[in-house]
Amino acid sequence: MQIHPQHPALRQFLEPFQRASRPEQKKILDNIEKLLLLLNPQKEYPLDFIVFRLSGRRLYGRLQDVLIGGRQVLDDLRVFAVQLSRNLELPALKQTETLYTVSQLAERFSVSAKTIRRWQKYGLLGKHYLFPDGRRRLAFPASVVEQFVSSCSEQLGKAGRFSRLTEEEKRTVIELAAQLQQDTSVRSREPILREVARRLGRARETVRYILAEHDRLYPEKAVFSRPFGRLSAKERAALLKLYKQKTPTRQLMERFGLSYSSVHRIINQQRAKEVLSLKIEYVDSPEFHTPEAFQTILEPSETLLKELSAEPPAVLSRTEETALFRRYNFLKYLAFTERLQIQRSHPSSRRLQRIEQYLNLAEQTQHFLLKVNMPLVIHVAGKHISFGASLPDLVGEGNLSLMAALEKFDYTKGYRFSTYATLAIAKDFARRIPAEASRPDRAGGSDFSQMAQPAASMPLLDLAAVEQAHQSLRQIVERELDERERYVVLNRFPLGEGVIPPRPKTLKEIGQALGLSKERVRQIELQALQKLRRTLSPEQFDLLTG
């Protein structure tokens, strides 16, 4: 099983231990136990300090100055240690000290299992052990528990407020909440929870749990008409919308009658639902999978994008274009791989935040690439004015074609985007213009002849390369196909002279010329394309078929 700490610098350091020997893995586990008790979640720590504590080695170069938040170090190391112990299959019987399972530890301190999980976030490290019944369980060595008790007395002190209540105390909580519910001056759930907690000297979360259990077990006697944490789909969408509008959590709790944890749980579920519904596609590259990808791809391209955005050039150089397309696809790759790890029922807020950040950065890069290449759309659209379509309509269609071309463009092939996009836009125009020009409400292209004049004065965008690509495709088609296959392909996917290809013919038109049925022409077309697919590169095949 691959273990992936979230911080890229920690990932680069810890990943080799996944393939290390068992003694080395046990040693790193012991060092993680000691380090977790030293960390403060509110502080930042140099990566060099973390690496030295875990391995005894020092870092040099840029990584030496990397700072990581204490909360993230705690979370990443804890998850790494738990998963690594699971792979080691440590036998419980061979341990020299007492092991406490989650339930046993909760019983010892008179707290809930949820509190034990909370303690883990503050440095209480558990490991997976293989017990005699053949099952793996998360357990805590006695020495680790004692160290945590001595160093984290504050967390243990707070836990006293969550001690188990007697049945009589629970009834008091329920009766007081029901009495306040009848009071017309108290209208929502949260004020009732706070007031009960204040009067009885109990934690609000304890009161919420007791009432939620009562309402679940005895719905006919429920204190609150709506179950805790249950919202309709419409209410969930409204909650997320208000959250995005920066509405304070306290107001959301009051409005929807939810606890703090329920508000953020539902928000994260809605965010995860949105992220999972997105279509994320990217052009993959081996360099995305290297440990140094963050430093070699994102950091230089971030600086480049800021410089270019300040003073946008008329045309990007090949190096600039490649760097930006690499950045764009790498960000989508990061979002896609992070999305694979989302748990629908309990999505991680931190993971969702990373995915949203990657997608936002990718969108910024996309907008810049579209802006820089907009003159290309106007230039090609200006050449189609004489076909009867209006310039605004053509530019609108061309923008859609440009966006589609940007998504499909494979920068690793070495082609210039202007060449690829010019062909894509021209092919889309060739398909749409005949139908559009026949509509009376679309006539009047001559009215925009003056608007096309600026496009004609623009510098030509590598049109020679477009014609050269056409010529190369025609040569391959003539060499690889027989006479009838050539006729079908060149009429279905015309490669005429110039940037604007002729109108493609329908299967019926080709069939009439050859004396064949539409279905037979379709069969010949498929047969010819299968031959060409074995000969043409993916880029060439895409340029031919659009």
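The values are calculated or read from the model by the stated rules, or taken from the named source; none is laboratory data. Predicted, not measured: the structure shown is a model, and the values here were computed from it. Quick reminder, even Gly has a Cβ in these numbers, built from the backbone with ideal geometry, and neighbours come from all protein chains shown. Keep in mind that these areas ignore ligands, DNA and RNA; they rest on the heavy atoms of the full protein, side chains included. Shrake-Rupley method; radii C 1.70, N 1.55, O 1.52, S 1.80 Å.
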So which residues in segment 230-268 are touching a Lys or Arg at 6+ places or on another chain (Cβ under 7 Å) and not in a helix (DSSP H, G or I)? Gly257, Ser259
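Looking at segment 337-350, is at least one residue over 30 Å from Ser232 (Cβ atoms), part of a helix (DSSP H, G or I) and β-branched (Val, Ile, Thr)?
Initially, segment 337-350 is screened for residues over 30 Å from Ser232 (Cβ atoms), giving 337.
The next check asks that each one be part of a helix (DSSP H, G or I); those that pass are 337.
Among the residues that remain, those that are also β-branched (Val, Ile, Thr) are: 337.
Looking through segment 337-350, at least one residue is over 30 Å from Ser232 (Cβ atoms), part of a helix (DSSP H, G or I) and β-branched (Val, Ile, Thr).
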Gln357 meets each of (1) open to solvent by 70 Å² or more (accessible area, probe 1.4 Å); (2) at pLDDT below 90; (3) assigned to a helix (DSSP H, G or I) with one exception, condition (2)
Considering only residues that are assigned to a loop (DSSP other than H, G, I, E, B) and either in contact (Cβ under 8 Å) with a residue 40 or more places away in the chain or open to solvent by less than 20 Å² (accessible area, probe 1.4 Å) (or both), look in segment 288-311 and name the one that is nearest to Pro16 (Cα to Cα). Pro291
Is it the case that segment 261-284 has a residue that's without any contact (Cβ under 8 Å) to a residue 40 or more places away in the chain, under 22 Å from Ile192 (Cβ atoms) and not hydroxyl-bearing (Ser, Thr, Tyr)? yes
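Do you know which of the residues in segment 131-141 that are open to solvent by 20 Å² or more (accessible area, probe 1.4 Å) and touching a residue at least 24 places away in the same chain (Cβ under 8 Å) is farthest from Phe109 (Cα to Cα)?
Looking at residues that are open to solvent by 20 Å² or more (accessible area, probe 1.4 Å) and touching a residue at least 24 places away in the same chain (Cβ under 8 Å), I get Pro132.
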Which of the residues spanning segment 157-198 are modelled with pLDDT under 65, open to solvent by 50 Å² or more (accessible area, probe 1.4 Å) and assigned to a loop (DSSP other than H, G, I, E, B)? Arg164, Thr184, Ser185, Arg187
Among the residues of segment 110-122, are any farther than 30 Å from Thr166 by Cβ and open to solvent by less than 10 Å² (accessible area, probe 1.4 Å)? no
Of all residues making up segment 312-321, the number that are at pLDDT 90 or above, open to solvent by 40 Å² or more (accessible area, probe 1.4 Å) and in contact with a Ser or Thr (Cβ under 9 Å, 6 or more places away or on another chain): 0
Looking at this structure, is Arg208 assigned to a helix (DSSP H, G or I), within 25 Å of Lys170 (Cα to Cα) and in contact with a Leu (Cβ under 8 Å, 6 or more places away or on another chain)? yes
Looking at (1) assigned to a helix (DSSP H, G or I); (2) open to solvent by 40 Å² or more (accessible area, probe 1.4 Å); (3) of a type in the set (Lys, Arg), which is the one condition that is false for Arg202? (1)
Go through (1) open to solvent by 70 Å² or more (accessible area, probe 1.4 Å); (2) not in a helix (DSSP H, G or I) for Glu107 and report which single condition fails. (2)
Right, Val102: surrounded by fewer than 16 Cβ atoms within 10 Å (Cβ to Cβ), modelled with pLDDT of 80 or more and either among the small types (Gly, Ala, Ser) or under 30 Å from Phe131 (Cβ atoms) (or both) or not? no
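Quick grid of which residues meet (1) modelled with pLDDT under 85; (2) outside any helix (DSSP H, G or I); (3) of a type in the set (Phe, Trp, Tyr):
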position: Ala430; (1), (2), (3): yes, no, no
position: Ile433; (1), (2), (3): yes, no, no
position: Gln450; (1), (2), (3): yes, no, no
position: Gln475; (1), (2), (3): yes, no, no
position: Arg479; (1), (2), (3): yes, no, no
position: Val489; (1), (2), (3): no, no, no
position: Glu497; (1), (2), (3): yes, yes, no
position: Arg503; (1), (2), (3): yes, yes, no
position: Ile524; (1), (2), (3): no, no, no
Those residues of segment 211-251 which are small (Gly, Ala, Ser) and either at pLDDT 90 or above or over 11 Å from Val263 (Cα atoms) (or both) amount to Ala212, Ala222, Ser225, Ser232, Ala233, Ala237, Ala238
